[in-house]
Amino acid sequence: MSWQPVKFWQTGSFVVGNRLLTEDERTVQARTERSNSLTSGHRACRGCGEALGARYAIDAAMRATGGQLVAVNATGCLEVFSTPYPESSWQLPWLHSLFGNAPAVASGVAAALRVKGKTDVRVVGQGGDGATVDIGFGCLSGMFERGDDVLYICYDNEGYMNTGVQRSGATPPGARTANTKPVGGTAGNVFGQGKSVPLIAMAHEIPYVATATVAELHDLEAKIERAMGFHGPRYVHILVPCPLGWGAEPHDTIRLARLAKETGLFPVFEAEHGVLTGVSRIRHQVPVTDYLRPQRRFAHLFGDPPRSDVLDGLQASCDRNIQRFGLLEDAPDAVGDVVELLRAGEGA
């Protein structure tokens, strides 16, 4: 289940709630022994969700493995802003692959370590949605099928941000990008394209699949550490808002990540061996327009007249996720329903 046993609401204060928690409940970043795997000096934009997500994810993996970790990074924003030649902000063994073969390279590293008998050294592959959902999709599926001992992390900012904000397979419908412009009667990216890699990963029935956002960093860390407790292929998909590509204010990064979950547009869940095992529920569903309005990539949907057809379609997608995953706190137990259906199928 998602990690959120207690929350501290501190209105109008910058005081960190971590100090109110016991040591074993604090995030990695609140501890003096954190590894700072992605350290200062990188050149990410202000409010970059990917830099935040990568720092928490890799530090959590480092803690889970006692520092015995190798990271393989696809081409993309994360690679570019963290390693401007001849500098690097990474403080662990780190390899840069091509845009589309990070899962394959990570599999090769894991195989080499196995041959050398270094079973205590673990491997993480990472990339953005372009490298994961599109260009490297075949390599990722192959990694899943072979059963390679790699945790692959996708930092999803919903577009090719490093090369000019082009559409990816993770770009939501209605979004304006460099190649899905709202002109000639079109309203941005069309419905019915793209893919959900977390669900595809579940279909491979790999040991562990999870989604997370940078709005819930305790949950993110807990899922990475849980993933490192498994062997074989694992997949974690993290939503990381991009102020530049989304046309949002840098200080709204966490807010937008939270709204993506609270609208139902980005369901947060866990699965093991193809079976849903936990969902991060929301107390009240927020209208999808609350999430769309702060982003200039959706500004054309609120013109005169507004594109009600697109807005209704996006709201319908949210509602479907709410029902499909049982995301509301007073909803039936979606996890239990899935398990019962599986049992019924086995007994047929």
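The values are calculated or read from the model by the stated rules, or taken from the named source; none is laboratory data. Just so we're clear, the structure is a prediction, and the values are computed from it rather than from any experiment. All Cβ positions, glycine included, derive from the backbone under ideal geometry; neighbour counts span all protein chains shown. Accessible surface areas use protein heavy atoms only, side chains included; no ligands, DNA or RNA. Shrake-Rupley method; radii C 1.70, N 1.55, O 1.52, S 1.80 Å.
Annotations
- In the chain, lysine pairs with alpha-carbon atoms under 24 angstrom apart (chain gap of 8 or more, or interchain): 6
- Neighbour-limited loop hits for chymotrypsin sites (Phe, Trp or Tyr not before Pro), the stretch 134-194 (at most 16 other Cβ within 10 Å; DSSP other than H, G, I, E, B): Phe191
- Annotation: per residue accessible area for the stretch 221-297 equals 34 Å², rounded to a whole number [probe 1.4 Å, protein chains only].
- Rounded to 5, the percent of DSSP beta bridges in the chain classed as antiparallel: 25 percent
- Once the Cβ-Cβ distance of Glu225 and Val190 is raised to the sixth power relative to R0 = 35 Å, the FRET efficiency obtained is 0.35.
- Of all segments of the chain bounded by trypsin sites (Lys or Arg not before Pro) found in a DSSP loop with no more than 15 other C-beta atoms within 10 Å, the longest spans 196-282.
- Given charges at Cβ of Lys, Arg, Asp, Glu: the chain dipole, positive-most of Ile322, Ala57, Met143: Ala57
- The dipole here belongs to the chain: it is taken about the Cα centre, uses +1 on the Cβ of Lys and Arg and -1 on the Cβ of Asp and Glu, and is about 760 debye.
- Contour minus Cα-Cα distance for Lys118 and Arg43 (0.36 nm per residue): 23.6 nm
- The GNM of the chain, with springs linking C-alpha atoms under 10 angstrom apart, assigns the highest mean-square fluctuation among Gly185, Gly159, Gly130 to Gly185.
- The chain - percent of accessible surface contributed by carbon and sulfur, probe 1.4 Å: 53 percent
- Of the GluC sites (Glu not before Pro) found in the stretch 66-168, those in coil by DSSP whose Cβ has at most 15 other Cβ atoms within 10 Å are Glu87.
- Net charge over other residues, Cβ less than 13 angstrom from the Cβ of Val190 (K, R count +1; D, E count -1): +3
- Cα-based shape type of the stretch 97-149, given that a ≥ b ≥ c are square roots of the gyration tensor eigenvalues and the cut on a/c is 1.5: prolate
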